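Single-structure report; data block below.
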Amino acid sequence: MTLQRLVLWRHGETEFNVTGRIQGHLDSELTEVGLEQAKRAAPVVAEFGPEVVVSSDLRRARATAAAFAEVSGHEVRLDKRLRETHVGEWQGLSGAEVEDGWPGWMGTWRAQPTWAPPGGESRVEVAERAREVVRELDESCGGTALVCAHGGLITALTASLLEWPTEMWPSLGGVGNCRWAVLSRNAVGRQGWRLLTYNGGLPE
């Protein structure tokens with residue numbers, strides 16, 4: 001059994017997103033806007049027809065996945081390996097506060113996926129733990145799987161599955177709240193992945 005399509009769906013808006021603070025593993029909740037985003041997007045995401053749904057165990061992802069479960073009737077499995085990047089000492093800080101305390105380091109983090117913030121993990125490490133989940137889905141799902149997770153993880157996992165060299169990862173850009181990436185198996189050999197959609201979603 002081999003997974004044929006993977007839909008990576010980012011959670012809705014949180015207060016941290018609104019105020020420009022870095023969440024990491026902090027367990028923030030969706031705003032009212034974020035909840036509405038999830039409810040609006042859920043029927044569209046359901047059209048992908050996933051057989052399996054897995055979500056990060058952090059509340060912002062769980063609440064987004066719950067909106068999907070409400071319209072689809074799917075059971076959602078939680079997996080802490082799908083959490084956002086742990087950013088160590090930067091968690092809860094704004095970009096300006098990070099720049100003030102660690103001048104230039106934010107730029108280094110964004111440009112070098114192998115580099116980790118103080119006390120945190122690199123994007124490469126994030127991608128590897130998320131790929132463990134994908135490998136397990138390969139053994140249990142022969143169609144489409146939906147993963148509800150976080151922007152940094154989705155970007156890292158997408159680049160990793162496409163087997164891009166790490167110096168190319170930053171060119172992929174981010175994923176907006178309640179938007180998604182879709183990957184499918186290459187026709188030849190059914191092993192590699194190709195990117196069908198990135199940062200797809202409903203009109204603002």
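The values are calculated or read from the model by the stated rules, or taken from the named source; none is laboratory data. The structure displayed is predicted, hence computed values, not measured ones. We place every Cβ from the backbone using ideal geometry, glycine too, and count neighbours over all the protein chains shown. To get the accessible areas, we keep the full protein, side chains included, count just its heavy atoms, and leave off ligands, DNA and RNA. Shrake-Rupley method; radii C 1.70, N 1.55, O 1.52, S 1.80 Å.
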- Query: If you go through the range 59-73 one residue at a time, do you hit one that is assigned to a helix (DSSP H, G or I), under 22 Å from Glu204 (Cβ atoms) and open to solvent by 60 Å² or more (accessible area, probe 1.4 Å)?
  - Reply: yes
- Note on the structure: Picking from Gly20, Gly12, Gly24, the residue that is among the small types (Gly, Ala, Ser) and more than 25 Å from Leu137 (Cβ to Cβ) would be Gly20
- Query: Does Val76 fit the bill of being of a type in the set (A, V, I, L, M) and either over 23 Å from Leu162 (Cα atoms) or open to solvent by 70 Å² or more (accessible area, probe 1.4 Å) (or both)?
  - Reply: yes
- Task: Scan the range 36-50 and report the pairs whose first residue is under 12 Å from Glu13 (Cβ atoms) and at pLDDT 95 or above and whose second residue is in a helix (DSSP H, G or I) and open to solvent by less than 40 Å² (accessible area, probe 1.4 Å), with Cβ atoms within less than 7 Å and a gap of 6+ or a chain change.
- Result: Ala38/Ala63; Ala38/Thr64; Ala38/Ala67
- Only residues that are outside any helix (DSSP H, G or I) and either in contact with a helix residue (DSSP H, G or I) (Cβ under 6 Å, 6 or more places away or on another chain) or surrounded by 12 or more Cβ atoms within 10 Å (Cβ to Cβ) (or both): list them for the range 84-110, please. Glu84, Thr85, His86, Val87, Gln91, Gly92, Leu93, Ser94, Trp102
- Item | Tally, over the range 161-183, of residues that are out of contact with any Pro (no Cβ under 9 Å at 6 or more places or on another chain), crowded, with 18+ Cβ neighbours inside 10 Å and part of a helix (DSSP H, G or I) | 2
- Task: Considering only the range 111-133, state which residues are open to solvent by less than 10 Å² (accessible area, probe 1.4 Å) and more than 19 Å from Glu99 (Cα to Cα).
- Result: Val126, Ala127, Ala130, Val133
